[in-house]
Amino acid sequence: MTIVLETRATPSARLIPTAAAAPERPPFADVVREHLDGLYGFCVRLANHATDAEDLVQETLIRAMRAYDGLRDPARAKGWLFAIATNVWRDQSRARRREVTTVPIDTPDGDDDTFSLFQTIAMEDPFPYSDELHLDFLRLFRDEDVSAVFALITPAFRLPLILTVVHGFSCKEAAAILEIPLGTLLSRLHRGRKQLERGLWDYAVANGLVTTAEGVQS
Amino acid sequence: MIDCREAVRRMWAYLDHELADKPISEFEAHLETCQRCCGELDFNRHLREVVAAKSPALPVPPEVRSRLEILLAGGQNQLENPT
Ligand SMILES: [Zn+2]
């Protein structure tokens, strides 16, 4: 009876979730291990380089370790780790003076915005005897070709693509990871897709995957 | 009524389920009258799948994993005195 009275006497414990949840928090290392492959893959695609990627993961883990107490919901650890990795990558790029932004990021670029891979394939007709022209074009690409095309996309537009297409985050989650408004995310995503469309075509022409009348001459 | 140019501009947002109701109905009304844009929508859907399928997971190489495990286990020492 006393026990019942005692538990009822402390109902406020349930109203303080952080205090109550703290002891059940999984160890940091366990949380990290669960997402380590995903985080590593993200860092490889961010850095475009395996050695840089390992650096990036290491620094991310160091910062995450220090900030772990601030993570309210360990179930959201994946997005949280990706957000830290993005910040580390930004800091490292700044320090190395790489990734200098040469295009205005958030103003529309008419050229990118209107390129259509679908239409280009139809017009250039690289497989005159195919009845699956567009699908045949996509079949030309191996994994490493797709990675090479990704690597050439402007980083600010590449990130939203990687997060949504490769890692399966929703647009809302990707916006939170990149710390930008949803509208900004959507317009960058759109431009990333357009650069991807153009990049796939240019890559196919440059690497002789397709031959076009123009490609032969230039 | 929107034209093909505008339809193409909205296409990726449509595939991402990020268009508002009015732009969706305008876009879908255009699709009903335009074979070309239906083809492009279909292609872009494929393109998205193909790009995802050809961007496979990149597991941590074993030697990198063991260095990261040392970092996780060692915690603070390791980070304050990097080699
Ligand atoms: Zn149309």
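Read-outs: derived from the displayed coordinates by stated rules, not from any lab. The shown structure was predicted, so the numbers you read here are calculated from the model rather than taken from an experiment. A quick note on method: Cβ atoms are made from the backbone with ideal geometry, for glycine too, and the neighbour counts reach across all protein chains shown.
Give the residue, chosen from B:Arg10, B:Arg48, that is away from the ligand (no atom under 16 Å from the Cβ) and either touching a residue at least 40 places away in the same chain (Cβ under 8 Å) or buried (at least 16 other Cβ atoms within 10 Å of the Cβ) (or both). Steps first, answer last, please.
On the way: B:Arg10 fails: away from the ligand (no atom under 16 Å from the Cβ).
Testing whether each residue is away from the ligand (no atom under 16 Å from the Cβ) and either touching a residue at least 40 places away in the same chain (Cβ under 8 Å) or buried (at least 16 other Cβ atoms within 10 Å of the Cβ) (or both) leaves just B:Arg48.
Keeping to region A:23-67, report how many residues are more than 8 Å from chain B (Cβ to nearest Cβ) and among the β-branched types (Val, Ile, Thr).
Qualifying residue count for the region: 3.
Can you find, within region B:44-64, the residue that is farthest from the other protein chains (Cβ to nearest Cβ) among those that are of a type in the set (A, V, I, L, M, F, W, C) and within 15 Å of the chain's Cα centre (by Cα)?
Step one: filter region B:44-64 for residues of a type in the set (A, V, I, L, M, F, W, C), giving B:47, B:50-53, B:57-58, B:60, B:64.
With within 15 Å of the chain's Cα centre (by Cα) added as a condition, the list becomes B:47, B:50-53, B:57.
On the way: B:Leu47: 6, B:Val50: 5, B:Val51: 6, B:Ala52: 5, B:Ala53: 9, B:Ala57: 6 Å.
Filtering first and then ranking leaves B:Ala53.
Of all residues being within 17 Å of A:Ile153 (Cβ to Cβ) and touching a Ser or Thr at 6+ places or on another chain (Cβ under 9 Å) in region A:172-184, which is surrounded by the fewest Cβ atoms within 10 Å (Cβ to Cβ)? Just the residue, please.
Going through the qualifying residues, I end up with A:Leu178.
So, in region B:24-35, how many residues would count as being touching a Phe, Trp or Tyr at 6+ places or on another chain (Cβ under 8 Å) and within 15 Å of the ligand (Cβ to nearest atom)?
Residues in region B:24-35 being touching a Phe, Trp or Tyr at 6+ places or on another chain (Cβ under 8 Å) and within 15 Å of the ligand (Cβ to nearest atom): 1 in total.
Tell me, which residue of region B:13-23 that is over 15 Å from A:Arg193 (Cβ atoms) and either of a type outside the set (Asp, Glu) or near the ligand (Cβ under 9 Å from one of its atoms) (or both) is farthest from the other protein chains (Cβ to nearest Cβ)? Show your work before the answer.
Keep residues of region B:13-23 that are over 15 Å from A:Arg193 (Cβ atoms), which gives B:20-23.
Adding the requirement that they be either of a type outside the set (Asp, Glu) or near the ligand (Cβ under 9 Å from one of its atoms) (or both) leaves B:20, B:22-23.
Values: B:Ala20: 11, B:Lys22: 16, B:Pro23: 12 Å.
Filtering first and then ranking leaves B:Lys22.
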